[in-house]
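Below: the structure, in structure tokens.
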Amino acid sequence: MLFGLLGLFLALTQSCRCAPQQTCYPGDELLGRCSNNVSEAKPTCTEMHLSYCNDVGYTSTIFPNILGHRTRMDAESGAEYLLLSVIHGLLNGECSPDIRLVGCSVLASPCRDDKIVKPCRSTCEALKKDCFHTFEAIDMAWPYFLDCDRFFASDREGCFDPLAALKARQAQARSSLTPEEPSTIIQFTHTTNSQMYNLLKRTAAKCSHISQVYSIGRSTEGRDLLVIEFSNNPGQHELLKPEVKLIGNMHGNEVLGRQLLIYLAQYLCSEYNFGNQRVQALINTTRIHILASMNPDGYELAAAEVEESNDPERINQEGHLMNGWTNGRANAQNLDLNRNFPDLTTVLYRNRRSVHYRTDHIPIPDGYWFGKSASLHGGELVVSYPFDFSRHPHEEKMFSPTPDERMFKQLARTYADAHATMSNNDTDRCGANFYRTKGIINGALWYSFPGGMSDFNYLHTNCLEITVELGCDKFPPEVELYPEWKRNKEALLSFVESVHRGIKGVVKDVDGNGIKDATISVRGIRKDVTTAEGGDYWRLLTSGTHIVTATAKGYSRVSKRVHLPHNLNKAGRVDFILKKVPLKPEIDDHFFPTIDTWDRFDPYNQFERYSEPDVVEEGIERQEKPWWWSYFSQSGITPPNWLLRNV
């Protein structure tokens, strides 16, 4: 009914030939819904003279355009053209030049035989799928003139692909790369937090069939801790598929790891789509979680310091090498995150002589929430592995192995040997000397500290975690990023592939139902792993003969002898079937409380407070113009309310 009244109103204004009213929504006039002017001369093709659209791949356009701009001057003075001129900066380079080229194809469409050739709807839909999140990230609505149904045409209608020339240039660039250069096109630059979020979201959107992003919480200053996941069934744990996590930027001033993981995410996405068999096999058989920045707050401080140190007017510049040792290392609460995990290693050492005290899945002491620690360490080129805390409290450098010493050394060796220079004896180091161990070392033998993440994960979960020190320069200049990627790419891939070692299997009851939280133990290794929801487990083991036992409360105990040959390139399958038996209390129950609630891990409700809306009086949510609004409000044009969300 509303549309009918609007049509009647427009018909009346035309019949009485009143002065033109600005009642036509942009684009409605050419679609025949309204008219603001009396009849004019028939439009003809004219040369393209829009400076921000000169690389669109054609040389002639036509006015009036699809949006109703009657002349080139009208188009240049509109908010649409202003948006295209600043979009690269607003989106921090994301979706550039794609957004601009597609926008130009609407604002100044190609002309053939004095008729408009509309851009392709399929190109618009693909662009929106890849880039919609970038507008959401800056609280901006998707531009109305990129409405795929309204201003674009289908292939059957004879449309124009505004990205065809760009795709051709990219294809030519890929074909001209040498074998040593990446086949995936990656911009080897430093990325701000905003750029990092956008890159990860865009990567997940491009590869939505194998990827997704999710947040594990927020930093002290409210920044997302954003994870990108890769799997052929993203978002789901699959039976017998092992999982790997890669974490960077735990110390905010150590940014090389952050950049390498961002590049790795882009590489996995593109290479999977290009048909790289190695990458496809890896993603099809592994669930990979990548947290590029664990400390985005610290990164902000470190990046600001580096930017200031590069100021040409500044005296006594320190540059990249001298920054990095302190500023931005801690988080916004001045806590060193790698000294702030629950110190379960001390708990282990205190109870290790007890025959019944297990050395795995140790609960977090309640006292942890009320006492925290922080200290510092320097950068190196080495892989260290647990334990990081010395078994003797007064020894700063003391070999302190875990029960999985052999497996940890193998994992560390995998990365160091696949790295271009880490295991070389002649490699320049940062002060320490690792030539005897070829680039790997037990953490506590290097230097001891409590509260580290690797020790915590080993003692509290099924996870085996190593620490990779990537070099002396914690905030390297951009010219070093591509060489560092070449040095570390193979090591990263090899490390992820190493999860397919040892044994895996399913623990079931006699009816074929998986048993959750069953225990898998290996004789001679005082560290057990537990089964997942479906009863599946993974146990990293070195080659040799092992006695493996499965048990669960209320079930029988079953042991098997397993031989793992040296040349086994995938995990061996070892399943167990357990029979129910009368339940008896175990002495372990006295050492492991059954309470395992969210409150134990978030007693101060830190995450929940970030989800509360910003409200003012009478419960109305505060609404303010976004930061980018000044680009348009101060330009003298009619403010583009169509860019505001929820309007």
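Over the stretch 115-161, what is the relative contact order in percent, taking alpha-carbon pairs closer than 8 angstrom and at least six residues apart?
Working: 41 pairs, mean separation 30.3, N = 47.
Over the stretch 115-161, the number comes to 65 percent.
So which of Lys42/Lys129; Lys409/Lys489; Lys245/Lys527; Lys206/Lys241; Lys167/Lys474; Lys241/Lys553 end up more than 30 Å apart, counting from Cα to Cα?
On the way: Lys42/Lys129 37 Å; Lys409/Lys489 20 Å; Lys245/Lys527 20 Å; Lys206/Lys241 23 Å; Lys167/Lys474 36 Å; Lys241/Lys553 25 Å.
Correct reply: Lys42/Lys129; Lys167/Lys474.
Rounding to the nearest 20 debye, state how big the charge dipole of the stretch 545-584 is about its Cα centre with +1 on each Lys and Arg Cβ and -1 on each Asp and Glu Cβ.
Working: 9 positive and 1 negative charges, 41 e Å.
It comes to approximately 200 debye.
Given +1 on the Cβ of Lys and Arg, -1 on the Cβ of Asp and Glu, and no further charges, what dipole in debye does the stretch 48-157 carry about its Cα centre, rounded to the nearest 20?
Roughly 300 debye, rounded to the nearest 20.
Could you compute the FRET efficiency for Ser543 and Lys579, with r as their C-beta to C-beta distance and R0 at 35 Å, rounded to 0.05? Present the calculation step by step, with values, prior to reporting the outcome.
On the way: r = 31 Å, r/R0 = 0.90.
That gives a FRET efficiency of 0.65.
For the stretch 384-512, state the average projected area of the convex hull of the C-alpha atoms over all orientations, rounded to one decimal in nm².
On the way: hull surface 41.9 nm².
Seen from a random direction, the Cα hull of the stretch 384-512 projects 10.5 nm² on average.
Taking the Cα centre of the stretch 247-309 as the origin, how large is its charge dipole in debye, to the nearest 20, when only Lys and Arg (+1) and Asp and Glu (-1) carry charge on their Cβ atoms? Kindly include the intermediate steps, with their values, before the conclusion.
Values: 3 positive and 7 negative charges, 119 e Å.
Its charge dipole is roughly 580 debye.
Could you give the length gained on full extension between Gln170 and His289, defined as 0.36 nm per residue of separation minus the Cα-Cα distance, in nm?
Values: separation 119, 0.36 × 119 = 42.84 nm, distance 2.87 nm.
Separation in residues times 0.36 nm, less the Cα-Cα distance, equals 40.0 nm.
With each pseudo-label sitting 7 Å past Cα toward Cβ, what's the His394-Asp139 distance in nm, one decimal?
In this crude label model, His394 to Asp139 measures out at 5.8 nm.
Of the listed peptides 381-390, 222-231, 439-448, what is their order by residue-averaged count of other C-beta atoms within 10 Å, with the highest listed first?
On the way: 381-390: 25.5, 222-231: 20.1, 439-448: 22.3.
So the order, starting with the most tightly packed, is 381-390, 439-448, 222-231.
Provide the FRET efficiency to the nearest 0.05 for the Asp417-Thr71 pair, computing r from the beta carbons and using R0 = 45 Å.
Numbers: r = 66 Å, r/R0 = 1.47.
For Asp417 and Thr71, the calculated efficiency is 0.10.
Of the listed peptides 501-509, 74-82, what is their order by residue-averaged count of other C-beta atoms within 10 Å, with the highest listed first? Provide the component values of the computation, followed by the final result.
Values: 501-509: 22.4, 74-82: 19.4.
Ranked by mean Cβ neighbours within 10 Å, highest first: 501-509, 74-82.
Amide H of Gly505 versus every other amide H placed in the peptide plane: which residues, excluding those fewer than 5 positions away on the same chain, fall under 5 Å?
It is Tyr537, Val574, by chain and number.
Bear in mind that the values in this text are calculations on the coordinates, not laboratory data. Keep in mind it's a predicted model, so treat the numbers as computed, not measured. Ideal geometry is used to build each Cβ from the backbone, glycine not excepted, and the neighbour counts take in all protein chains shown.
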